[in-house]
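The values are calculated or read from the model by the stated rules, or taken from the named source; none is laboratory data. Computed from a prediction, not measured in an experiment: that's the story for all the values here. Heads up, the Cβs are rebuilt from the backbone with ideal geometry, glycines too, and the neighbour counts pull from every protein chain shown.
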Amino acid sequence: MLKLDRISKVYKVGVFGGRDLTAVRDVSFEVGPGEVVSLIGESGSGKTTIGKMVLRLASVSSGAITLDGVDVSTVKGSGLKGYYRKVQGVFQDPFSSYNPIFKADRVFVMIKDAYFPGVAAGEWRHKIGASLEAVRLDPDQVLGKYPHQLSGGQLQRLLIARALLLDIKLLVADEIISMLDASTRIDVLNLLADLKARGLGILFITHDLSLGNYVSDRTVILRRGAVVEMGATDRVFGNPLHPYTRKLLASVPQLHRKWEPLAAEAEPEAADGHALVRAEDDHFVAGGVPG
């Protein structure tokens, strides 16, 4: 469904844009229908930039992103509106997506004005109710409320419900639970699992390995803008081949023991986006790394 083929993103930085900063380098992977792919990396690894390129919020410097075989960079004008019928994003801070002087369900009004201007009021209320029920929200508890009257988890689920009104095929979920409390996180993760079961493809962007392990079918590990390892989640987590992946997994807090200083490790060499090699079926790692 979604395919990224050796995409790169280069920014012009410095005085008068005299230097190039490569944020993403030769990244390739796919997201299929009913599949959750986790894009995992530390801050600055390029994962959010990739999400923005998929959502057409940032241009692609080289390579191609295709949806159902169509290069998304060629979609313009009315075609772009059609693209957003299929692809939507939900971001890290739910409060930043709402104007505090308007009621939170204004996000539905904006969707109606743009995509469903001819739908009768009664039918529209039914569509909103069905969409809210799909994300486990009670319409009586969330409609007509201002953003400050709702929790972060409710606001995030409102945004997902908004996306579902368009009958989307792909959801880009960029750190959508990192600002939620622990009791709410599991509800949103289980919601994503429900959406996956309905055939929705999800690109789950996170820096939290435990969350990626919990929710995803396949995992892509990013470092400095390049893929160092990717494959089925159980293989990447169960048998990490790249030193950087091992280092990330070793840094995950363990509930059954107290903190202990980690032994010093040699810094992994910079990833080479051109050197991914197959280690096992559907398991790739940056070349030159022993399996």
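A few points about this structure:
- Counted residues, segment 85-109 - those being among the basic types (K, R) and not in a helix (DSSP H, G or I): 1
- Any chance V220 is in contact (Cβ under 8 Å) with a residue 24 or more places away in the chain, of a type in the set (A, V, I, L, M) and buried (at least 20 other Cβ atoms within 10 Å of the Cβ): yes
- Hey, V24 touching a Lys or Arg at 6+ places or on another chain (Cβ under 6 Å) and more than 14 Å from D5 (Cα to Cα) or not: no
- Leading residue by the ranking (farthest from the chain's Cα centre (by Cα)) among those in segment 129-145 that are among the charged types (D, E, K, R) and in a helix (DSSP H, G or I): D140
- Candidate set from segment 63-81 (those that are surrounded by 13 or more Cβ atoms within 10 Å (Cβ to Cβ) and of a type in the set (S, T, Y)); member that is modelled with the highest pLDDT: T66
- Qualifying residues in segment 238-252 (those that are surrounded by fewer than 16 Cβ atoms within 10 Å (Cβ to Cβ) and not in a helix (DSSP H, G or I)) - the one modelled with the lowest pLDDT: V252
- Among the candidates H148, H126, the residue that is assigned to a helix (DSSP H, G or I) and within 21 Å of S96 (Cβ to Cβ) is uniquely H148.
- Which listed residue, of A114, A120, A134, is over 21 Å from D181 (Cβ atoms) and at pLDDT 90 or above: A120
- Extreme residue, farthest from K3 (Cα to Cα), among residues of segment 220-237 that are part of a strand (DSSP E or B) and out of contact with any Leu (no Cβ under 8 Å at 6 or more places or on another chain): R223
- Exclusive hit being of a type outside the set (G, A, S) and without any contact (Cβ under 8 Å) to a residue 40 or more places away in the chain, set P147, P139: P139
- Here S43 does not fit the description of being assigned to a helix (DSSP H, G or I), of a type in the set (G, A, S) and more than 13 Å from the chain's Cα centre (by Cα).
- Pair list, Cβ under 7 Å, 6 or more apart: segment 72-88 residue closer than 21 Å to I50 by Cβ, other residue part of a helix (DSSP H, G or I) and small (G, A, S): Q88/A163
- Being touching a helix residue (DSSP H, G or I) at 6+ places or on another chain (Cβ under 9 Å) and of a type in the set (F, W, Y) is a property that holds for Y84.
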